[in-house]
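Okay, structure first, notes after.
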Amino acid sequence: MLNISLVQFTPEFGNPMYNLQQIAALLKGIETDIIVLPELCTTGYSFLSKEEALGASEGPDGQKVTFFKQLAKEHKAIVVAGVAEKSGGKTYNSALIALPGGETKVYRKTHLFFREKQCFEEGDSGFFIVQHPLKDCKVGVMICNDWRYPEAARSLALLGADLIACPSNLVSDVWRIGMPARALENKVFVAVANRCGTEVRQLEDGNTQSLTFTGGSVLYNFAGEVIEQASKTEHRVITLQIDPLLTRDKSFNDFNDLLKDRRPGFYLG
Ligand code: ACM
């Protein structure tokens, strides 16, 4: 058994120190083993160019990375946080995975959404899982729009994930249909940490872009059922106890097993 915490709040665009303060305040005193934060939770979302995203991004020694490493150490938890990652003069829409012992890993978003294609490089980390060093739990990570590609969650399940952590900046509600399917079809827990609030940016062509993020951060059990869900606007941490071991037997009756029954020879792509 372990505790997982999903953090929902409104990052302010271009105000990373305020955003870190909000995260620290929300998590104060919470005892947990895994912390999942939204996509791009330190910078805000609505970048308009590669130059702008690069200016807000940072590498492995940056202040925000140091903050999340410290958070992981303090809570003895895995922290999964959406960040703008600088590497080799390029910027990735990434999830930093900070482990309690100080080690970090980075997942780079595979399926970029909308204007992200103008601002970030396509993710090249591929999918992988992380073993919790203090608990029997294997964590896989995908980011937001990755949910639309069942191959992402399936890859993580095939690698042995018990839980998929999904830092998100979701701007519609259609994910509420698809995301639970990712849990059900793979028999894994799915933790969606979404943000709330609205970001308004002036575009070069004189138009205005306004994006409202739909909150509703949620933990699905391995049957795709909601265990607990935040409202669309509240700033809060959802902390729940789960048993990751319950995901490991992939059978769903005496004859069928979700992964063993696959027929890859008939699948395209
Ligand atoms: C999204 O991928 N931020 C919708």
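Structure notes:
- Candidates SER57, SER49, filtered to the one that is under 21 Å from TYR92 (Cβ atoms) and over 20 Å from the mean Cα position of the chain (by Cα): SER49
- Qualifying residues in segment 158-177 (those that are farther than 21 Å from ASP257 by Cα and surrounded by fewer than 22 Cβ atoms within 10 Å (Cβ to Cβ)) - the one nearest to the ligand (Cβ to nearest atom): VAL171
- If you go through segment 16-60 and keep only what is small (Gly, Ala, Ser) and more than 15 Å from the ligand (Cβ to nearest atom), you end up with ALA24, ALA25, GLY29, SER49, GLY55, ALA56, SER57, GLY59.
- Of all residues making up segment 131-157, the number that are part of a loop (DSSP other than H, G, I, E, B) and either more than 16 Å from the ligand (Cβ to nearest atom) or surrounded by fewer than 23 Cβ atoms within 10 Å (Cβ to Cβ) (or both): 7
- The one condition from (1) in a helix (DSSP H, G or I); (2) surrounded by fewer than 22 Cβ atoms within 10 Å (Cβ to Cβ); (3) aliphatic (A, V, I, L, M) that ALA183 does not meet is (2).
- Any hit, segment 93-116, residues being part of a helix (DSSP H, G or I) and either out of contact with any His (no Cβ under 6 Å at 6 or more places or on another chain) or under 29 Å from LEU203 (Cα atoms) (or both): yes
- If the condition is being more than 12 Å from the ligand (Cβ to nearest atom) and more than 21 Å from ILE34 (Cβ to Cβ), then segment 114-130 contributes GLN118, GLU121, GLU122, ASP124, GLY126.
Coordinate-derived values only; no laboratory data. Only a predicted model underlies this, so the values are computations on that prediction, with no experimental measurement involved. Cβ sites come from the backbone with ideal geometry, for glycine too, and all protein chains shown count toward neighbours.
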